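The values are calculated or read from the model by the stated rules, or taken from the named source; none is laboratory data. Values in this document were obtained by computation on a predicted structure and should not be read as measured data. All Cβ positions, even for glycine, are placed from backbone atoms using ideal geometry, and neighbour counts span all protein chains on display. Heavy atoms of the whole protein, side chains included, go into the accessibility calculation; ligands, DNA and RNA do not. Shrake-Rupley method; radii C 1.70, N 1.55, O 1.52, S 1.80 Å.
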Amino acid sequence: MREPVADTLEISSTAKEEQYVHAVYNEIATHFSDTRFKPWPVIERYLLALPAGSLGADIGCGNGKYLGVRTGDIFMMGTDRSSSLVEICRSRNHECLISDGLDLPYRNGCFDFAISIAVIHHFSTKERRMDAVRELLRIVRTGGTVLVFVWALEQKGRRKFDENTQDVLVPWAKPNGDVYQRYYHLFRDGELSSLFSEIGGCEIEEAGYDRDNWFVIARKL
């Protein structure tokens, strides 16, 4: 099965994420990493605009693509739920550890900024997605910023989705022909901004669409 299908799985949210997110990325890590090498413009702009001396976190850092965008005058730490992707990060000499995005191993307010790129759409309930955003805001100091990217339902590229179906299984095909299904919640226009507004304690500085994703930059109040 090579086309996205509606998620009709009748299993718990944690079991769904374990089987259709965590386990999959451990299996496809090397091939996935080989396709992830060029920083997206909005994220690169955000990182390059940070003050020198900033301390930040990349939550769900994948292969560490963004940990190396700016080195020398800012410091970034990465976390990912996939042990295989963390191993790839470490092989590139990035500071990275295994961690769940709903229970980050950091003190309150210890970072100047945090990014989470194409991660929160893998949480399978609204409350879990809100908890993931809350964790990002928790670890950032007052006045610090958070940048989040999530897949859009209204994609303009090669992927086309049913506008009435937000929860889907999207296939990943390895070169050997093996196919793995990944769970996604596809965000509607305005949905990510609404999550931040509902959570509160922050001010949205920028929101938009880029690379078939919706994004938000928010400042913690």
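Sub-6 Å Cβ pairs linking a first residue in the stretch 98-115 that is closer than 17 Å to G143 by Cα and in a loop (DSSP other than H, G, I, E, B) to a second residue that is modelled with pLDDT of 95 or more and among the charged types (D, E, K, R), at least 6 apart or interchain, are N108/R138; G109/R141, ordered by first then second residue.
If you scan the stretch 202-221, which residues turn out to be outside any strand (DSSP E or B) and touching a helix residue (DSSP H, G or I) at 6+ places or on another chain (Cβ under 6 Å)?
none
Within the stretch 131-168, the set of residues being open to solvent by less than 30 Å² (accessible area, probe 1.4 Å) and over 23 Å from E206 (Cβ atoms) comprises V168 only. With respect to the conditions (1) part of a helix (DSSP H, G or I); (2) open to solvent by less than 50 Å² (accessible area, probe 1.4 Å), S197 lacks only one, and its number is (2). Do we have any residue at all in the stretch 135-142 that's within 24 Å of R45 (Cβ to Cβ) and among the hydroxyl-bearing types (S, T, Y)? The answer is yes, given that some residue of the stretch 135-142 is within 24 Å of R45 (Cβ to Cβ) and among the hydroxyl-bearing types (S, T, Y).
Scan the stretch 151-187 residue by residue and report those that are part of a loop (DSSP other than H, G, I, E, B) and of a type in the set (A, V, I, L, M). Reasoning before the result, please.
Just the residues of the stretch 151-187 that are part of a loop (DSSP other than H, G, I, E, B), to begin with: 153-166, 174-178, 186.
Of everything in the stretch 151-187, those that are part of a loop (DSSP other than H, G, I, E, B) and of a type in the set (A, V, I, L, M) turn out to be L153, L186.
For residues that are farther than 14 Å from E135 by Cα and in contact (Cβ under 8 Å) with a residue 12 or more places away in the chain, tally how many sit in the stretch 191-202. Can you show your working first?
First pass over the stretch 191-202, keeping only residues farther than 14 Å from E135 by Cα: 191-194, 197-198.
If we keep only those that are in contact (Cβ under 8 Å) with a residue 12 or more places away in the chain too, we end up with 191-193, 198.
Within the stretch 191-202, residues that are farther than 14 Å from E135 by Cα and in contact (Cβ under 8 Å) with a residue 12 or more places away in the chain number 4.
Within the stretch 82-89, identify whether any single residue is of a type in the set (S, T, N, Q), in contact (Cβ under 8 Å) with a residue 40 or more places away in the chain, surrounded by 15 or more Cβ atoms within 10 Å (Cβ to Cβ) and not in a strand (DSSP E or B), and answer yes or no.
Just the residues of the stretch 82-89 that are of a type in the set (S, T, N, Q), to begin with: 82-84.
Those still in the list that are in contact (Cβ under 8 Å) with a residue 40 or more places away in the chain too: 82-84.
Applying the additional criterion that residues be surrounded by 15 or more Cβ atoms within 10 Å (Cβ to Cβ) yields 82, 84.
Those still in the list that are not in a strand (DSSP E or B) too: 82, 84.
Looking through the stretch 82-89, at least one residue is of a type in the set (S, T, N, Q), in contact (Cβ under 8 Å) with a residue 40 or more places away in the chain, surrounded by 15 or more Cβ atoms within 10 Å (Cβ to Cβ) and not in a strand (DSSP E or B).
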